[in-house]
Structures are given as structure tokens and as C-alpha cells.
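The values are calculated or read from the model by the stated rules, or taken from the named source; none is laboratory data. Since the model is a prediction, treat every value here as computed from it, not as a measurement. Here the Cβ positions follow ideal geometry from the backbone for every residue, glycine too, while neighbour counts run over all protein chains shown. Just the protein is used for accessible areas: all its heavy atoms, side chains included, with ligands, DNA and RNA removed. Shrake-Rupley method; radii C 1.70, N 1.55, O 1.52, S 1.80 Å.
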Amino acid sequence: MDISVRTVDPTRQRSECYIVAVYDEGSLSPSGTAIDKYSAGTLSKLLKRGDMAGRSGQKQFLYDLPGIAASRVLLVGCGKLKPLSDTQYRTLIGGVIQYLNDAAIKEAVCFLAELEVETRDSSAAIRLGSEVVVHQTYRFSQLKSDKNPSQPALKKFTWHVAQTKQLTAASKAARIGKAIGQGMALTRDLGNLPGNICTPAYLAQTAKKLGRTHGMQVRVLEQKHMQALGMGSLLSVSRGSRQPPKLITLDYRGAKKPGNPVALVGKGITFDAGGISIKPAAAMDEMKFDMCGAASVLGTLQAAAELKLPINIIGVIPSCENLPDGDANKPGDIVTSMSGQTIEVLNTDAEGRLILCDALTYTERFKPKAVIDIATLTGACVIALGNQASGLLGNDQALIDKLLRAGKHSADRAWQLPLWEEYQEQLKSNFADMANIGGREAGTITAACFLSRFTKKFKWAHLDIAGVAWYGGASKGASGRPVSLLTHYLIEECDY
Ligand code: BES
Ligand code: MN
Ligand code: ZN
């Protein structure tokens, strides 16, 4: 997708389609007013007929307006003349893209950057809008025998800005939005691929490929390396599977000067059947999405590398399957983590924390200035926050505040939950240093409490993305979240 920004003269700039806002009761946006004037009042005449009242979501094609260089104008109802929320704006742009796709339009010029969006200047709106354009033209058809019919026609999208002095900032915003959208597309592809294709080895290959394309060093630790490092917790999860585990690291060095990296650690369970504490059959297929944390690390690194962000980032991805087997973890088994702490595995389905704890200990060696882990960790988080926000916890309030802010800027929100000392008691084990579960209450918090015992040596935040990483129901599929949040955090971190 080609996304660009220019100052468009509607009497000269040829296009298949202009996209123009109309407000409630048929009032026009500034560009609409200009186009109306150049076309000798054609727009206002049509609006007076009342077919198009400007109600939010309404759309109407007009063809061959006199004096206008585009062969079509798409009028888009934007409701009352008042600032839109992020969600309203996103729905609006998404709806426009779908409409263009239905009409097989290949190229369009969009005059919607003049819409007012709450708390966003026009660049921030273009950034989010560009992300939506890429998001909305995403298709996952690689495993269908008929690949073509669903491919969107739209290939070129131009934002109009009124003033040339806005061009630099707006172009940068479009570039960021597009890079994020494409990073999300990688994350979605990996999430959508089934467990029999997207294995730990597949994630490792994808990381290697990303490394080759963008000059990142990628290393893949095999089982024997992990054994030598003493990763008894991670390896205990993998024992029930025929797929060899992988611990993938990606090293992106974008900073001008050497400096400590930000570490992104992503849960990469390529299928989670629960192990011996097996899950119920209903919706178990969705546990192919249990590697979306890992996929979001890859998507974010792709976006960061694409933008050449001047920052150092380490991606760390522990990856394996969680399956029942004669050799799998059993409830009551006690394993020794790389940190030396022992863990009683009371429920083999609480496997994410068992692989993350060793990956987090391993991350110490990179002397990270901040560590963010991303994981589809608990069903409890879906109960607490639904599909709106990622759960956010950690040991450094300044880091958490940055992530909360990045979540707002990117419309990819997170919400903080407490990590009070008192919750730690729930992890008490009679036989080991800790249990891997803390009972039914506060499940997201006790999972983070568990991780907190492995993150004492650095500033750390944990994003539980169980509720946001994929859509359910008819639109079942990976969402690409929280690539946008993470990329915005990195952008802020390096003053890009
Ligand atoms: N991958 C799941 C968490 C999950 C469940 C994410 C449903 C999204 C939807 C995780 O490995 C898991 O099974 N967690 C258990 C923990 C429990 C045994 C303490 C859970 O949430 O039920
Ligand atoms: Mn599980
Ligand atoms: Zn899991």
C-alpha cells in the first residue's frame, strides 16, 4: 500500500475517487465546500435533495462532477459537527476503506484529515488513519485454495492537507502509521497461522528472515543450549511436545551511540492444549493464538526497523508447545528455573509464566534499561478488562506511565492493575519456593506476581494481552495488538 500526503488541488489532481466529509443535515467540510464551489454548487444541490443527510456511516458516490479532476467523489457522513472519538474515527476510516474495496477502487485521495478527532492534531489523526488503512486491507488467504477474490484493489491512498507547512509532519505521521500497520500484519499472519504450521521452528525462521531483511542479528538457542543454561522451567513445558523448543533473540541496534537496549519478551506458545491439566474442547483452536506475544515482538521490531528508530532493542522469544504426553509436566511436579528458584507446577495450563520466567532471567545478560513482556497469559484478564485493554502491571511506575501514555496515543490502550505485595501470598507452596498458580482470585495479578520474582534486577512491565490479541466470533483472527502501543512507546523513548 502506497500512503502519501500532499496538498491537493481538486480541479487538477486526477484520481479515481475523492473522499469528502459531509456533516449532519448536509453541511459540508472545508474541502467539501471548495469542491462544491469548483463544481458550481453540484454538491449542495445534491445534498438538498436529502438522499445524503450526513448521518454517521452514510456513504454516497457521485460521478463526474463538472470542474473536478476526480472521476468520483465519495461523500462520507460524519454525523454532528463535533470532535470524533478515536473509535468513531477508526470506524469511519475503516468503513470508507471497505466501501472503496467493494467498488474495486485502486487509488483514492482522502480529504478526511480535516476531521476533528478528540485529543489529536491532524498529524496524529493521519497516523492513526494510515494504520487503519493498512489494517482494513489486510487479508489472510494464504491457506485458501482460491487466493485472489478477497484481495483488496486499493493500492494507493493520498491524504490531503490544506497547508504545505503541514506536509513534513503529516508525511512522517503517514509513514509511522503505515509501518505500524505492516508490523501488525506480520503479527496477524503469525497469529492466524495454525499450530501445525506456525511451530517454534517457524517463528525462529521468521525471526531469521526479519533479521536478514533489516540487518538485525538473530540467534536461536536450541534445547541443548537451554539445558546448559539451566532453563528447567521452560524445558519442563516443552517436554510434552514433539516440536523442539526455541529461544529466539533479535538484536536491533538503531541508536547512534551504544546504549542499553529496551527488551521485549514475548510468550511464544505455538499451541496451548493445557498439558495434563487439559483445556475443554470448546474454542481450544483459539489457543493457536497463544504465541501472539511473540508475534507482537516480531511485528514491533519490523516496524522499528522499517522506521529506522534510533534506539537499541532486544527481542526475546521463548517458544514451545504445551501438550499432554507421557513425558509432560504433571500437577505437583517441581522444576528448577534458571534463576535457581524452584516451582511447584500445580496446574500445567499455567505454562506461559513457566517459559517467561526463564526468558526473563536470560534477558538480564543484555543489561536492559527496561524490560516489557507481552503475553496471552490469563483468561482472568479477559474477564477483568474484556477485549478493550491490555492488562498492565510492573515494578516501575515511570515505565508503566509511559506505556499507559503510549496506549492512549496509539488507541491501543492498556489499563494498570495493582501488583501489591499482599498478593504474593497466594503463590505459597508447601514443597517449593513458589507455586505456579495463585488460585481463582486475581488471576492476572498473581500471574504477574509470579513473573515479578524473576524481574528484580531491572525495570519491568508486563502486558497481559489475552483479551486483545485476537478477535473472536465471525471475525475470528489475530488483531495485531499491541504492536501499535509498543511502537509508540519506542518512538517516544528515542524522540523520533
Ligand atoms: N494461554 C492461556 C491464557 C488464555 C486463556 C488466554 C484464554 C486467552 C484466552 C494460559 O496459558 C492459561 O491457560 N492460563 C490459565 C491459568 C490458570 C491455570 C491459573 C487460565 O487463565 O485459565
Ligand atoms: Mn495455558
Ligand atoms: Zn497459554
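Data table
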| read-out | value |
| --- | --- |
| Test: residue in region 57-70 that is under 34 Å from the mean Cα position of the chain (by Cα) and in contact (Cβ under 8 Å) with a residue 40 or more places away in the chain | yes |
| Test for residue 327: is it more than 11 Å from ligand 3 (Cβ to nearest atom), of a type in the set (Asp, Glu), open to solvent by 10 Å² or more (accessible area, probe 1.4 Å) and in a loop (DSSP other than H, G, I, E, B) | yes |
| Filtered residue count, region 186-199, keeping only those that are surrounded by fewer than 23 Cβ atoms within 10 Å (Cβ to Cβ) and of a type in the set (Gly, Ala, Ser) | 1 |
| Residue match in region 461-484 (condition: in a helix (DSSP H, G or I) and buried (at least 21 other Cβ atoms within 10 Å of the Cβ)) | yes |
| Of all residues in region 95-143 being of a type in the set (Ser, Thr, Tyr) and part of a loop (DSSP other than H, G, I, E, B), the one that is nearest to residue 162 (Cα to Cα) | 119 |
| Enumeration of residues in region 7-21 that are open to solvent by less than 10 Å² (accessible area, probe 1.4 Å) and either among the hydroxyl-bearing types (Ser, Thr, Tyr) or part of a strand (DSSP E or B) (or both) | 18, 19, 20, 21 |
| Only listed residue being surrounded by fewer than 22 Cβ atoms within 10 Å (Cβ to Cβ), within 16 Å of ligand 3 (Cβ to nearest atom) and among the β-branched types (Val, Ile, Thr), chosen from 278, 317 | 278 |
| Given (1) without any contact (Cβ under 8 Å) to a residue 60 or more places away in the chain; (2) in a loop (DSSP other than H, G, I, E, B); (3) under 20 Å from residue 159 (Cα atoms), number of the condition residue 92 does not satisfy | (2) |
| Search result, residues across region 69-89 that are over 12 Å from residue 129 (Cβ atoms) and either of a type in the set (Asp, Glu) or in a loop (DSSP other than H, G, I, E, B) (or both) | 69, 71, 78, 79, 80, 81, 82, 83, 85 |
| Residue list for region 449-481, restricted to those being more than 14 Å from ligand 3 (Cβ to nearest atom), within 29 Å of residue 181 (Cα to Cα) and among the small types (Gly, Ala, Ser) | 461, 472, 473, 474, 475, 477, 478, 479, 480 |
| Test: residue in region 330-338 that is in the same structural domain as residue 446 (by TED's automatic domain parsing), among the hydroxyl-bearing types (Ser, Thr, Tyr) and surrounded by fewer than 21 Cβ atoms within 10 Å (Cβ to Cβ) | yes |
| Selection count where residues are open to solvent by 10 Å² or more (accessible area, probe 1.4 Å), within 16 Å of ligand 3 (Cβ to nearest atom) and among the hydroxyl-bearing types (Ser, Thr, Tyr), scope region 246-275 | 0 |
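To keep it simple, each residue is scored yes or no on (1) in contact (Cβ under 8 Å) with a residue 40 or more places away in the chain; (2) assigned by TED's automatic domain parsing to the domain that holds residue 486; (3) touching a Gly at 6+ places or on another chain (Cβ under 7 Å); (4) under 14 Å from residue 90 (Cβ atoms).
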residue: 105; (1), (2), (3), (4): yes, no, no, no
residue: 111; (1), (2), (3), (4): yes, no, no, no
residue: 118; (1), (2), (3), (4): no, no, no, yes
residue: 165; (1), (2), (3), (4): no, no, no, no
residue: 176; (1), (2), (3), (4): yes, no, no, no
residue: 189; (1), (2), (3), (4): yes, yes, no, no
residue: 201; (1), (2), (3), (4): yes, yes, no, no
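Rundown of residues vs (1) more than 14 Å from ligand 2 (Cβ to nearest atom); (2) in contact with a Gly (Cβ under 8 Å, 6 or more places away or on another chain), yes/no style:
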{"residue": "264", "(1), (2)": "yes, yes"}
{"residue": "291", "(1), (2)": "no, yes"}
{"residue": "295", "(1), (2)": "yes, yes"}
{"residue": "307", "(1), (2)": "yes, no"}
